[in-house]
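Enquirer: I am attaching a structure below and will ask some questions about it afterwards.
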Amino acid sequence: MQMAQGRGSAIVATVVLLGMLLIHCENAWAATFTVGDAGGWTFGVDNWPNAKTFMAGDILVFNYSSAVHNVVVVDKQGYETCKAAEGSQKFQSGSDQITLVKGQNYFICTFPGHCESKMKIAVNAS
């Protein structure tokens, strides 16, 4: 009986280990995209996501001058009105990495006039 219990424990441990490995491997398959490509996070970048395919877990890299720009995560209304809600997540390092969630992801620059100058993107992640 002892041998059967030992074998059962080994099987459970193996299944748990494989499950943990699969969870960590999910990030290994994530793609990294530099927003705006060589131009970075700047004016007129709103069409940058077009013709690209994004998945939940992919990483967007926002490169910009932190003295004159930021990146703020907003909802659809914030994207359309160029207004961030109180408590919106704000990034301002100049080199931010943001992981996409499944569904729509919206980002704007909240410096005056920047979002209105199309410094905003909407990304749909499958």
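The values are calculated or read from the model by the stated rules, or taken from the named source; none is laboratory data. This structure is a prediction, so every number in the text was calculated from the model and none was measured. All Cβ positions, even for glycine, are placed from backbone atoms using ideal geometry, and neighbour counts span all protein chains on display.
Enquirer: Mind checking which residues of the range 28-51 are farther than 14 Å from Y64 by Cα and either free of Cβ contacts under 8 Å to residues at least 24 places away in the same chain or of a type in the set (S, T, N, Q) (or both)?
Expert: Once the filter is applied, which keeps residues that are farther than 14 Å from Y64 by Cα and either free of Cβ contacts under 8 Å to residues at least 24 places away in the same chain or of a type in the set (S, T, N, Q) (or both), the range 28-51 yields A28, T32, N47, N50, A51.
Here's the yes/no breakdown for (1) under 18 Å from T42 (Cβ atoms); (2) in contact with a Lys or Arg (Cβ under 8 Å, 6 or more places away or on another chain); (3) in the same structural domain as P49 (by TED's automatic domain parsing):
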position: A84; (1), (2), (3): no, yes, yes
position: Q97; (1), (2), (3): yes, no, yes
position: K102; (1), (2), (3): no, no, yes
position: S117; (1), (2), (3): yes, no, yes
